[in-house]
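The values are calculated or read from the model by the stated rules, or taken from the named source; none is laboratory data. Keep in mind the model is a prediction, meaning the values are calculated, not measured. Positions of Cβ are backbone-derived with ideal geometry, glycine not excepted, and every protein chain shown enters the neighbour counts. The accessibility values were calculated without ligands, DNA or RNA, using every heavy atom of the protein model including side chains. Shrake-Rupley method; radii C 1.70, N 1.55, O 1.52, S 1.80 Å.
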Amino acid sequence: MRWPIFRHVERRATRMHDMIERVHVDPVKLARMRHGEAYAEARTNCLHCAHADDCLHWLATTEIAVEPPPYCPNSELFETCKRSS
């Protein structure tokens, strides 16, 4: 049995984790923020993002980044969860 929506969700989740790594977000800080609600919100934002193709291209062509691309619906949230220097 094929589950196309499952693959869609899985790809978007993987993309979010790639973005988290690329822009130096502390995943533990994000997961703990608002008792997990911030992480759930970020996942939902990513799942429903209208810029998925742009995001995929950005991740494929950007090796080091200080901040997420301007169209990222999680950019403000990710900025608050940056890793400490």
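So the values come out like this:
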item: Which numbered condition Thr44 fails, given (1) at pLDDT below 90; (2) over 9 Å from the mean Cα position of the chain (by Cα); (3) of a type in the set (Ser, Thr, Tyr); result: (1)
item: Residue ranges of helices (runs of 4 or more DSSP H) in the chain with at least 1 members open to solvent by 80 Å² or more (accessible area, probe 1.4 Å) and either of a type outside the set (Lys, Arg) or touching a Pro at 6+ places or on another chain (Cβ under 8 Å) (or both); result: 4-22, 37-47, 52-61, 75-80
item: Those residues of the stretch 53-71 which are in contact with a helix residue (DSSP H, G or I) (Cβ under 7 Å, 6 or more places away or on another chain) and in contact (Cβ under 8 Å) with a residue 40 or more places away in the chain, in sequence order; result: Cys55, Leu56, Leu59, Thr62, Ala65, Glu67, Pro68
item: Meets criteria (at negative phi, of a type in the set (D, E, K, R) and without any contact (Cβ under 8 Å) to a residue 40 or more places away in the chain) for Arg32; result: yes
